[in-house]
Amino acid sequence: MAKIILTGDRPTGKLHVGHYVGSLKRRVELQNSGNFDKIFIMIADAQALTDNAENPEKVRQNVIEVALDYLACGLDPAKSNLFIQSQIPELTELTFYYMDLVTVSRLQRNPTVKSEIQMRNFETSIPVGFFTYPISQAADITAFKATTVPVGEDQEPMLEQCKEIVRKFNSVYGDTLTEPEILLPDNQACLRLPGIDGKAKMSKSLGNCIYLSEDPDSIKKKVMSMFTDPNHLRVEDPGKVEDNPVFVYLDAFATDAYFAEFLPDYQNLDELKDHYRRGGLGDVKVKKFLNNVIQAELEPIRKRRQEYQKDIPYIYEILKKGSETAEAAAAQTLSEVKSAMKINYFEDKELIAMQSAKYHDAE
Ligand code: ATP
Ligand code: MG
């Protein structure tokens, strides 16, 4: 069976370091591994509109920002197919048919939908499109016959729901759709990077992000103002590293090589953590190190982005070509789906022959 990747991001803002460690970095590694037959990377504008219906300009503006962030991180259009969701009408059609296989109560039980409804204060006024977005995500994944979906932890319930739809579809209409596997980051800290405010998730919608394209001064300000252990008041005090965002970020980013380069008094993160726990290590020192590490990670990304920014029409060209390729793949799946569901009237010669025989026999 072909090995196919599908993943994507909502164009609701520029991409941040949570996206980077949770999914983007891995995607680039997978792309360069040469182990995959096809890679589809989707800018999910239609999904972004489900909770931004009154703000189409925001979504429109951010499509190019996300594309620039992709290219800056090393996604290569020669190896990965970058496309825009709304340009593939087959995805909407698949969503409509999958809706018949999912109950309202099942959607209500989806933990990510639940928490996102709460986060957006949608409790009493959920747009239907937003409520059903797990179904549209199942359409996105299955349209490309994806076997592997590299995402952050918040997407786990979506993948579960997608698998259920695949199983249900195949059992009702015959083997047609491919069941995908989620690919989560190996590093625990990258599953769900917290915000700089200490909130559980760095998220564009919460405004607690360090963006990949952010300038060095602004990154430094954000890092130096980050949340730490609230009980670590004086340098001598013992500190807590668990759930301390500064240490979670170091878990996500700090390699031994960064210690050798920026903080040679310590060999590795374990030594630094031990010192913090014992007391005698100030937050400022740790934050300065974290700032150096993040600056080192983001500098090459920012530089590449600046190069791509010089030719915006070329970026749209990449997305247009990618969307054409993606549409061809989705059209093939849709045709298989319609045939399995017996709604392919004009291609089904047998059906036409059978129906005409019925009336001729009656004569
Ligand atoms: P929005 O607030 O509009 O939902 P978002 O910041 O949550 O935006 P998405 O576009 O929903 O970003 O997510 C894109 C991908 O990045 C998904 O695979 C998601 O799991 C991953 N991701 C998002 N935020 C984080 C995070 N803080 N840590 C790890 N992975 C993340
Ligand atoms: Mg999200």
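The values are calculated or read from the model by the stated rules, or taken from the named source; none is laboratory data. Treat the numbers as computed from the prediction; the structure is a model and nothing was measured. Note that each Cβ is placed from the backbone with ideal geometry, even for glycine, and that neighbours are counted across all protein chains shown. The protein model used for the area step is the full one, side chains on, heavy atoms only, and it has no ligands, DNA or RNA in it. Shrake-Rupley method; radii C 1.70, N 1.55, O 1.52, S 1.80 Å.
Assorted remarks:
Residues are listed down the side, and each one gets a yes or a no for (1) more than 10 Å from ligand 1 (Cβ to nearest atom); (2) open to solvent by 60 Å² or more (accessible area, probe 1.4 Å); (3) touching a Pro at 6+ places or on another chain (Cβ under 8 Å):
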residue	(1), (2), (3)
R167	yes, yes, no
S171	yes, yes, no
G174	yes, no, no
P185	no, no, no
A189	no, no, no
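- Among the residues making up the range 142-155, a single one is at pLDDT 95 or above and within 16 Å of ligand 2 (Cβ to nearest atom): V149.
- Restricting attention to the range 90-115 and to residues that are touching a residue at least 60 places away in the same chain (Cβ under 8 Å) and of a type outside the set (S, T, Y), the residue that is nearest to ligand 2 (Cβ to nearest atom) turns out to be L91.
- Verdict on I219 being closer than 30 Å to N81 by Cβ, surrounded by 14 or more Cβ atoms within 10 Å (Cβ to Cβ) and among the β-branched types (V, I, T): no
- Selected residue [more than 10 Å from ligand 1 (Cβ to nearest atom), farther than 25 Å from E116 by Cα and either modelled with pLDDT of 95 or more or outside the structural domain of Y70 (by TED's automatic domain parsing) (or both)] from I210, I219: I219
- With respect to the conditions (1) away from ligand 2 (no atom under 16 Å from the Cβ); (2) touching a residue at least 60 places away in the same chain (Cβ under 8 Å); (3) open to solvent by less than 70 Å² (accessible area, probe 1.4 Å); (4) not in a helix (DSSP H, G or I), A53 lacks only one, and its number is (3).
- Every residue from the range 7-26 that is under 20 Å from C190 (Cα atoms), within 16 Å of ligand 2 (Cβ to nearest atom) and in contact with a strand residue (DSSP E or B) (Cβ under 7 Å, 6 or more places away or on another chain): T7, G8, D9, K14, L15, H16, H19, S23
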